[in-house]
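Written below as structure tokens is the structure these notes are about.
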Amino acid sequence: SPTPAVVTVTGAAGSIGYAALFRIAAGAMLGPDTPIRLRLLEIPSAVSAAEGTAMELDDSAFPLLRDVEVHDDPKRGFDGTDVALLIGSRPRSKGMERGDLLAANGQIFTVQGRAINQVAAEGVRVLVVGNPANTNALVAANNAPDVPAERFTALTRLDHNRAIAQLARHSGAAVKDISRVTIWGNHSGTQYPDIFHARVGDRSGAEFAADREWLTGDFIPTVANRGSAIIEARGASSAASAANAAIDHVHDWVLGTPDGDWTSVALPSTGAYGVPDGLVSSFPVRSVDGAWQVVEGLEIDDFSRKRIDASVAELESERDAVRGMGFL
Ligand code: NAX
């Protein structure tokens, strides 16, 4: 029978963790043939809550679930991990400045990057969900010098899925008939959801993009500000949709993107599309033999270029800030 995969989830007692763990244990992330060993990593004050979740995981009697451990020590939580979902991070509290937020998270992702470097499995794949996700992934990758940088990614799949949903609603096409949407840049308000290369049923996304009033007045801001709209409506931030996107991300990374399509992933740039080397920025990517490949050669017009550059500039300023604090 296939070797079990060790999956570590940080922030396991939080909302996204709770929404993700049961689906991971049910096989939604690594497929119906891969047994799962779960490692829940939390801070000490949330270990008891994580243990409650572990009890519920037991009580679900998932056939694929081999065992569940709860830890508050990253060296134990990441021991032998094949897939690490870094969901826990320090949220922005009232009166907290951006610099304080980057510093608090710089600390967390330095410690976790080092632990992954020391104890994770050889082929470890890392997905950072906790915000600021791109820059947290950059810090973790830089603190794991023995792990290839491309194994560190950040989540923009939720933005990608939101873009598909908005395009489906606007065009009347079914979600399954929409492909080749791209999120560029940072998982933040500056992200650029690009539909110029998309397929929408048998039409081209560029046809829809030609309606600039809809594109700039509705589509782009709706996708980029969707997180705030969810908080406004629910009184809590996106949880199940974020968990779903994290599962989609790892699923496609391990099992491949569908033929003829691509997805969006934030990963360390190797210079494609003029994005400075090393920045963890979102690109159009395909998963080939278990590794991400940036889709090359897409034509980027001035409209898109300006928006990609603005988001990349924000990533550079976040990088400069964490570098100034000594995390890189
Ligand atoms: P919650 O506050 O419900 O849960 C976070 C959990 O992380 C808590 O249980 C906390 O104890 C734990 N935690 C904090 N520091 C930790 C550490 N050093 N090690 C282990 N665990 C730690 O937040 P939730 O709604 O689950 O959101 C989690 C993160 O996802 C937030 O940073 C949020 O901003 C981010 N998001 C990212 C999204 C994306 O698309 N990239 C979308 C959804 C979400 O906003």
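The values are calculated or read from the model by the stated rules, or taken from the named source; none is laboratory data. It should be emphasised that the depicted structure is a prediction, and the values quoted were computed from it without experimental measurement. Neighbour counts are summed over all protein chains in view; Cβ atoms, including those assigned to glycine, are modelled from backbone coordinates with ideal geometry. Each accessible area value is taken on the protein alone, full model and side chains, heavy atoms only, with ligands, DNA and RNA left out. Shrake-Rupley method; radii C 1.70, N 1.55, O 1.52, S 1.80 Å.
If I ask for residues that are away from the ligand (no atom under 16 Å from the Cβ), open to solvent by 30 Å² or more (accessible area, probe 1.4 Å) and touching a residue at least 60 places away in the same chain (Cβ under 8 Å), which ones from segment 150-179 would you list?
Glu150
Looking at this structure, is Gly88 near the ligand (Cβ under 10 Å from one of its atoms) and open to solvent by less than 10 Å² (accessible area, probe 1.4 Å)?
no
In segment 22-42, which residues are on the phi > 0 side of the Ramachandran plot and of a type in the set (Lys, Arg)?
none
Can you find, within segment 96-149, the residue that is least open to solvent (accessible area, probe 1.4 Å) among those that are closer than 23 Å to Asp320 by Cβ and among the charged types (D, E, K, R)?
For segment 96-149, the residue satisfying everything is Asp100.
Can you say whether Ile43 is assigned by TED's automatic domain parsing to the domain that holds Val124, modelled with pLDDT of 95 or more and either open to solvent by less than 30 Å² (accessible area, probe 1.4 Å) or more than 30 Å from Val322 (Cα to Cα) (or both), as far as the supplied structure shows?
Judged against the criteria, Ile43 is not a match.
Considering only residues that are of a type outside the set (A, V, I, L, M) and in contact (Cβ under 8 Å) with a residue 60 or more places away in the chain, look in segment 124-142 and name the one that is nearest to the ligand (Cβ to nearest atom).
Among those residues, the one meeting the criterion is Gly130.
Being touching a residue at least 60 places away in the same chain (Cβ under 8 Å) and surrounded by 15 or more Cβ atoms within 10 Å (Cβ to Cβ): is that true of Phe62 here?
No, not satisfied.
Could you check segment 278-293 and list, in sequence order, the residues that are in a strand (DSSP E or B) and closer than 25 Å to Asp320 by Cβ?
Hits for segment 278-293 are Val280, Ser281, Ser282, Phe283.
Go through Gly235, Gly227 for me and flag whichever is out of contact with any helix residue (DSSP H, G or I) (no Cβ under 6 Å at 6 or more places or on another chain) and surrounded by 13 or more Cβ atoms within 10 Å (Cβ to Cβ).
Of Gly235, Gly227, the one residue that is out of contact with any helix residue (DSSP H, G or I) (no Cβ under 6 Å at 6 or more places or on another chain) and surrounded by 13 or more Cβ atoms within 10 Å (Cβ to Cβ) is Gly227.
Does any residue of segment 70-84 turn out to be open to solvent by 30 Å² or more (accessible area, probe 1.4 Å), within 29 Å of Thr257 (Cα to Cα), touching a residue at least 40 places away in the same chain (Cβ under 8 Å) and of a type in the set (Phe, Trp, Tyr)?
Within segment 70-84, not a single residue is open to solvent by 30 Å² or more (accessible area, probe 1.4 Å), within 29 Å of Thr257 (Cα to Cα), touching a residue at least 40 places away in the same chain (Cβ under 8 Å) and of a type in the set (Phe, Trp, Tyr).
Which of the residues spanning segment 22-40 are β-branched (Val, Ile, Thr) and either under 20 Å from the mean Cα position of the chain (by Cα) or open to solvent by 30 Å² or more (accessible area, probe 1.4 Å) (or both)?
Ile24, Thr34
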